[in-house]
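Below: one structure, written as structure tokens.
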């Protein structure tokens, strides 16, 4: 039997692994600390916040989660967040996909200008446009109406605009790598523009579409700045606005705050952990395809 030679680890590689390990500890530990203290009694957090409260110890309790669910409307906040995030994701994926396909496959007057504007729009922070956008939506009768669904729509539109540029750039890179022969064959078989897009481009570029959808969903779900402008009433609050409210009301009740943070952040972490392979694949596959 041939012996497999193990590649020696160089000093630079070892130093890189050590640095990355330390960085991962500093990143993961704060959230683990929050999870641990969400199961700890209120009075024990200040005096003993680093030991693990096992179910058979006196410090372990589920009261923090019960208190969080009884004091705050997590169900309604989750519903509002999901309505906004799913709507933003669907609209961004559809519009960005069509725009990227048109910019890659079609030549028209002003194409370079449009591409430059798409890239340039990524340089403008949301802070610089939120006031005129808010005033425009008030004039159109969308924002500050007291209607829950109109208010959610008022938050959806700026988030769609804020995510489009990134999505278009990502999808353009992948669509450009797709052989045009596939589209020509579909065109000869009688497919129109939309038939080619939905039957050829979308299935082939599925990893990149998945990446765009994941980022759009997470950015929309975690957005606090835009939602704080358009969602003012209690029935309109999203999960990020609710967490901001909890942090101002809970005061020194660190157990309640820790439980609330876990309830807000855990779903996002689960989604990211389950779909991280799609994110990495979608961002890199367009760069290595012929």
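Laboratory data are not the source of any read-out in this text; all were calculated from the coordinates shown. Bear in mind the structure is a predicted one, so any value in this text is a computation, not a measurement. As a convention, Cβ positions derive from the backbone with ideal geometry for all residues, glycine included, and neighbour counts pool all protein chains shown.
Per-residue counts of other Cβ atoms within 10 Å, averaged by peptide: what ranking do you get for 163-171, 68-76, 196-204, 118-126, highest first?
For the peptides 163-171, 68-76, 196-204, 118-126, the packing ranking is 163-171, 196-204, 68-76, 118-126.
How tilted is helix 130-139 with respect to the longest principal axis of the chain? Cα atoms for both, answer in degrees (0 to 90, nearest 10).
80
Return the distance in nm (one decimal) between the two label points of a simple spin-label model at residue 139 and residue 21, each offset 7 Å from Cα along Cα→Cβ.
It works out to 6.0 nm between the two label points.
Against the longest alpha carbon principal axis of the chain, how many degrees, from 0 to 90 and to the nearest 10, is the axis of helix 74-105 turned?
Orientation of helix 74-105: about 20 degrees from the principal axis.
Can you show me the helix-derived [θ] at 222 nm for the chain, built from DSSP H runs with n ≥ 4 at -39,500 (n - 2.57) apiece and divided by the number of residues, rounded to the nearest 500.
Rounded to the nearest 500, the figure is -23000 deg cm²/dmol.
In terms of the Cα gyration tensor, with a ≥ b ≥ c the square roots of its eigenvalues, is the range 205-262 rounded because a/c is under 1.5, prolate because a/b exceeds b/c, or oblate?
Oblate, since a/c reaches 1.5 and b/c is not below a/b.
Extending each Cα 7 Å along its Cβ direction at residue 82 and residue 127, get the distance between those two points in nm, one decimal.
About 3.4 nm, to one decimal.
Once you order the gyration tensor axes a ≥ b ≥ c over the Cα atoms, which shape class does the chain get: rounded for a/c under 1.5, otherwise prolate or oblate by comparing a/b with b/c?
oblate
Angle check, please: helix 11-38 long axis (alpha carbons) against the longest principal axis of the chain (alpha carbons), in degrees 0 to 90, nearest 10.
With both axes taken from Cα atoms, the answer is about 60 degrees.
What distance in nm lies between label points placed 7 Å from Cα along the C-beta direction at residue 193 and residue 10?
So the two model labels end up 5.1 nm from each other.
Over the chain, what is the mean sequence separation of C-alpha contacts under 8 Å (at least six apart), divided by residue count, expressed as relative contact order in percent?
After rounding, I find 30 percent.
Kindly put 42, 237, 111 in sequence by how many other C-beta atoms sit within 10 Å of each C-beta, fewest to most.
Least crowded to most crowded, the residues run 111, 42, 237.
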